[in-house]
Amino acid sequence: MDPLIFVINELRKLNTIVDNHFIKLPQIVAVGAQSAGKSSVIEGIVGWSFLPRGNDIVTRCPLVLNLVNVPEDDQRRQKTGITGDWATLDHINNKNFTDFEEVENEIRNKVPPKTVSSIPIILTIYSHKVVDLSLVDLPGTIKVNLEDKDNTMKQDIKAMVEEYVKNPKSLILAVTPANNDANNSDALHIAKKYDPERIRTICVLTKIDLMDKGTNAYDLLTGKKFPVKLGIIGVRCRSQEEILNKTSVEDCLAQEAEFFQKNYRPIARKNGMPYLRQQLNKLLVNHIAKHLPGLRDEINNMVNEQLIIQAELGAPPSEDPEMTVNEVIRIFAELFNKLLDGYQHDIETDKL
């Protein structure tokens, strides 16, 4: 894995121990409405079907997705004895998943129904087909709470998404369907709110193949309707029929390439899933490199602050609990006796 991406992934693991937003990390966050096709985009980037699907919200917490390129002759394959692709989940120790349906079930069952959680699932996928990448897939936004009027899922998801997006070190992967008016895009609205200059937003246009007959996405793809600094990339995702028929992601990629060559030949090479993968890898590595010096200073300052606090606390207590308790009682008794003898009017509780 790229060493810069590796460093951020390790820091993120430490972050989850303390507070998911304790240190603002440079990262890519994927946002979009529930029906925008975000899951298909994520699976297209990975090359495997592994995300839960359904009519309701099925991914109800942040999914930190780490992709590690492992060549077919890599030593890690020899250690695991696995010749194909595999995955690990941080909350399940010492298990390599080779069945991605099993991964899907683990993600689905991690959070109880009708609730959302801010605690992320960390999923790492090892494959010779992926580029080194790390991104956070956030739950899809919803318009209304249909099942339960008292349920706060809509508000909870919105708050969670905004918490990640407002981090100035987050690159925003705004997934937007091309067959709907872009002015109504949840992802673009959120991005505009926290990135009004659109300098850290990259837009992914889905459902281009589902646009009304006689229309096209040229103005959208070329940035004439809403320019964003990091670019706009169109993709053709798997249709619902292809998902039900279990059409492989690789077969769909071949159909995608054919679609762009036929309908958008002049700009075909700057669209499609393979181009999106490469761009995300390049953007993330450059983004981390840009923020790394400041991140190092921030962490060093935190360490120094804690050292000062530790020094003010004095020597650590004995590892023997009984001895520690006895010492506290002894000091308290001494101070209490002095008070009775008239030596002082107040017990110096700071000695305790």
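Each reported figure results from applying straightforward, stated rules to the coordinates on display, with no laboratory input. Treat the numbers as computed from the prediction; the structure is a model and nothing was measured. Here the Cβ positions follow ideal geometry from the backbone for every residue, glycine too, while neighbour counts run over all protein chains shown.
Gain on full extension, evaluated as 0.36 nm per residue between Lys246 and Asp297 minus their Cα-Cα distance, stands at 13.5 nm.
Rounded, prolate or oblate: which fits the range 175-284, taking a ≥ b ≥ c as square roots of the Cα gyration tensor eigenvalues, rounded meaning a/c under 1.5, else prolate when a/b beats b/c? Prolate, because a/c is 1.5 or more and a/b exceeds b/c.
Ranked by the mean number of other Cβ atoms within 10 Å of their residues, highest first, the peptides 288-299, 32-43, 263-274, 159-170 come out as 32-43, 159-170, 263-274, 288-299.
Database remark: amide H of Lys129 closer than 5 angstrom to the amide H of Val70 (H placed geometrically; neighbours at sequence offset of 5 or more, or on other chains; Pro and chain starts carry no H). Working from Cα pairs under 8 Å separated by at least six residues, relative contact order for the range 3-301 is 23 percent.
Protection proxy ranking for 59-67, 123-131, using the average of other Cβ atoms within 10 Å per residue and placing the highest first: 59-67, 123-131. Subtracting the Cα-Cα distance of Leu14 and Asn151 from 0.36 nm times their residue separation leaves 46.1 nm of extension gain.
So if each residue of separation counts as 0.36 nm, and I subtract the Cα-Cα distance between His91 and Ile119, what length gain in nm does that give? Could the numbers behind the result be given before it?
Details: separation 28, 0.36 × 28 = 10.08 nm, distance 1.10 nm.
Net length gain for the segment: 9.0 nm.
Measuring against 30 Å, Cα to Cα, the residue pairs Lys129/Lys224; Lys129/Lys166; Lys143/Lys229; Lys114/Lys224 contain Lys129/Lys224; Lys129/Lys166; Lys114/Lys224 as the ones spanning a longer distance.
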